[in-house]
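The values are calculated or read from the model by the stated rules, or taken from the named source; none is laboratory data. Just so it is clear, the model here is predicted, and its values are computed rather than measured. Counting neighbours? That spans all protein chains shown, and the Cβs are built from the backbone with ideal geometry, glycine included. To get the accessible areas, we keep the full protein, side chains included, count just its heavy atoms, and leave off ligands, DNA and RNA. Shrake-Rupley method; radii C 1.70, N 1.55, O 1.52, S 1.80 Å.
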Amino acid sequence: MASILGISAFYHDSAACLVVDGEIIAAAQEERFTRIKHDYNFPVHAAHYCLKEAGISAAQLDHVGFYDKPLLKFDRLLETYLDYAPSGFRSFLKAIPLWMKEKLWMPDLIRTELAKANGEDDERRAKKAGKKFEWKLLFGDHHESHAASAFYPSPFEEAAILTIDGVGEWATSSIGIGKGNEITLLKELRFPDSLGLLYSAFTYYTGFKVNSGEYKVMGLAPYGEPKYVSLIKEKLAEVREDGSLRMNHEYFSYSQGLRMTNVAFDRVFDGQPRRPESKITQREMDLARSIQAITEEVMLKMTAYVYKETGMKKLCLAGGVALNCVANGRVLRESPFEDIWIQPAAGDAGGAIGIALAIWHRYLGNQRASPEKSGTWRSGAGVRGPRRGSPAGVFDPPVDHAQDARATSLPPYADGMKGSFLGPRNSVDEIEEFLRSKNLPHKKYSRAQLPEVVAGVLADEKIVGLHQGRMEFGPRALGGRSIIGDARSATMQSVMNLKIKYRESFRPFAPSVLREDVADWFELNYDSPYMMLVADVAESRRREMSDEEKGLFGISKLNIKRSEIPAVTHVDYSARIQTVRRETNPLYWEIIEAFRQKTGCPVIVNTSFNVRGEPIVCTPEDSYRCFMRTEMDFLVLENCVLDKKEQPEFAEDADWRSEFRLD
Ligand SMILES: [Fe+2]
């Protein structure tokens, strides 16, 4: 048996992942435990959780992998500083202490931090005994880790690989081939030419937070017109036929400064960056639409080039830019590839999975059990039999696939991510103990009753916090830690944005749809289990707009009811789709199925269980707190259902809205 812990840390979204004999046993982001969004510190809590899930201690690990190479990154920092000296001196001074204190001493740091993850008692015992950890520490290349996270868990025996992000050590994008257990990277695009950094420059300029507000730019884009596309291409970035970019560094300051853009950039667009939280104008919408259009063009050109270079029929994607699910949807529809698979934790958190699997397959030379060939990979929560480290009394559902005639017509689907349900799960005993200790009124239902009960309140337009099964790994909530509602409701989008999430009113919501029914409701007949693909609502489900409605611009487009499922139909009819299969997420599937039987609609709204600026909830305490702070109507904690109307008054000492920094 070989146990491998993968770690990504010190940039943003620190995470840990445990792989045992090639199987991903657990993975989690540090932010979920510390409650600090995008926490970049060493993932001591996440590592501790992963070890606990497998029932082992850090001393029993065989290998520990770090997702990139700090010395090479330092080399880039130094070289970039020398190129731009003395103008980058301030940012250089700001970065150096962290490098001197932590990053350059990574092996020592990892050993010390993992001793903490072993628990205090163990640490003291280990110190007393003068015990050394025996595991071997290995460092991967940043884009190799992304590539490994994209290919190894994919359902493909062989595939082309494309990784695109801001920057790793030097690479900003790389192209490769995965075959069996081998990955070969063929080409790379290097810093400072970077699609991710170009997108982040516009994220900054439109007044959102870099490395977190990129999906807001993507959501804002459909309100705008692509009027700056030629200007961007002419002045800021030359887009070549092979998808490579040549950026004009007169307009950017990320190489030497603390800002992404400079005064020359301001001059191109006639003004300063929008101040965060100030009014969003048509200009920001047009800028968002323009950079989104360029991103889609670049990704289509890149994928066409990758197809030509590799001769592969299937494509795996990872890296932060692969979270751009609008572009991914176009790649699926318009690129020459027959199939695509996108790592759900496409950003740096997924590097923890990548390095752990790379050690297992590449370093240790173990073969992949490809689901295409053998179908042996297990697909998550529906798997029978004892699970390593599973808590006592877990709420295991009675799945009977034979009775589900509709499912038998589906093409098979299995990847190595277990539906991305790789985080902690609370047993029914734990939930009940929590509810008893706080004296919280609730009703307990049987497993068979629960879907019907939840579907009933959803059909009454009530909003439900759903906490069940294992927590998701990656930025998307997929029905484990989700807030759900009725997609048919015309008021749901504004209610959820303003009274539940406390976030910007322009933001769209995503649908969860039964895999069996996706093609009836959307222009997609494909698995999108991780909400990584955008496609349009089916024409037959759309509502004809009046001439007056068609003439509306910008944010005034928001309140038009444009389909049978207005809560999840964006202003351009698009939707960020999650398809749900019973075998991967049985309870969630059954809730939506019960909703379909009640209403005729197999689509519900699914948004992450948190408020703006808060990491997605992890524990029952987190879920209850978020439930009481917002206008959610019901909370489901495994098989216990809490009605807001029955809850005691929830008093807090401080204003919780100041607890989370706005993202
Ligand atoms: Fe990255």
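Descriptive notes on the structure:
- Flag if ALA567 is part of a helix (DSSP H, G or I), buried (at least 23 other Cβ atoms within 10 Å of the Cβ) and touching a residue at least 24 places away in the same chain (Cβ under 8 Å): yes
- Some residue of region 160-171 being away from the ligand (no atom under 16 Å from the Cβ) and either assigned to a strand (DSSP E or B) or touching a residue at least 60 places away in the same chain (Cβ under 8 Å) (or both): yes
- Residue count for region 478-511, restricted to those that are surrounded by 20 or more Cβ atoms within 10 Å (Cβ to Cβ) and farther than 29 Å from PRO586 by Cα: 1
- Some residue of region 249-264 being out of contact with any helix residue (DSSP H, G or I) (no Cβ under 8 Å at 6 or more places or on another chain), open to solvent by less than 60 Å² (accessible area, probe 1.4 Å), on the phi < 0 side of the Ramachandran plot and not in a loop (DSSP other than H, G, I, E, B): yes
- Of all residues in region 47-68, exactly one satisfies the criterion of being away from the ligand (no atom under 16 Å from the Cβ), within 21 Å of SER420 (Cα to Cα) and assigned to a loop (DSSP other than H, G, I, E, B), namely GLY55.
- Being of a type outside the set (Ser, Thr, Tyr), surrounded by 22 or more Cβ atoms within 10 Å (Cβ to Cβ), more than 16 Å from the ligand (Cβ to nearest atom) and within 22 Å of LEU245 (Cα to Cα) is a property that holds for VAL331.
- Number of positions in region 172-190 that are within 30 Å of VAL268 (Cβ to Cβ) and more than 12 Å from the ligand (Cβ to nearest atom): 3
- Residue list for region 4-45, restricted to those being in contact (Cβ under 8 Å) with a residue 60 or more places away in the chain and small (Gly, Ala, Ser): GLY6, SER8, SER14, ALA15, ALA16, GLY22, ALA26, ALA27, ALA28
- Any hit, region 518-533, residues being of a type in the set (D, E, K, R) and either within 18 Å of GLY219 (Cβ to Cβ) or open to solvent by less than 10 Å² (accessible area, probe 1.4 Å) (or both): no
- Among the residues of region 1-46, the one identified as open to solvent by 10 Å² or more (accessible area, probe 1.4 Å), farther than 22 Å from ARG481 by Cβ and not in a loop (DSSP other than H, G, I, E, B) is GLU23.
- Candidate set: region 135-159, residues that are within 12 Å of the ligand (Cβ to nearest atom) and of a type in the set (D, E, K, R); chosen: the one farthest from ARG111 (Cα to Cα): GLU144
- Qualifying residues in region 272-327 (those that are among the basic types (Lys, Arg) and under 19 Å from SER194 (Cα atoms)) - the one farthest from the ligand (Cβ to nearest atom): ARG289
- Elements of type strands (runs of 3 or more DSSP E) contained in region 451-520, each with 2 or more residues being closer than 30 Å to LYS279 by Cα and of a type in the set (Ser, Thr, Tyr): none
- Within region 442-477, the residues that satisfy the criterion of being of a type in the set (Gly, Ala, Ser), open to solvent by less than 10 Å² (accessible area, probe 1.4 Å) and either free of Cβ contacts under 8 Å to residues at least 24 places away in the same chain or under 17 Å from ASP633 (Cα atoms) (or both) are ALA455, GLY465.
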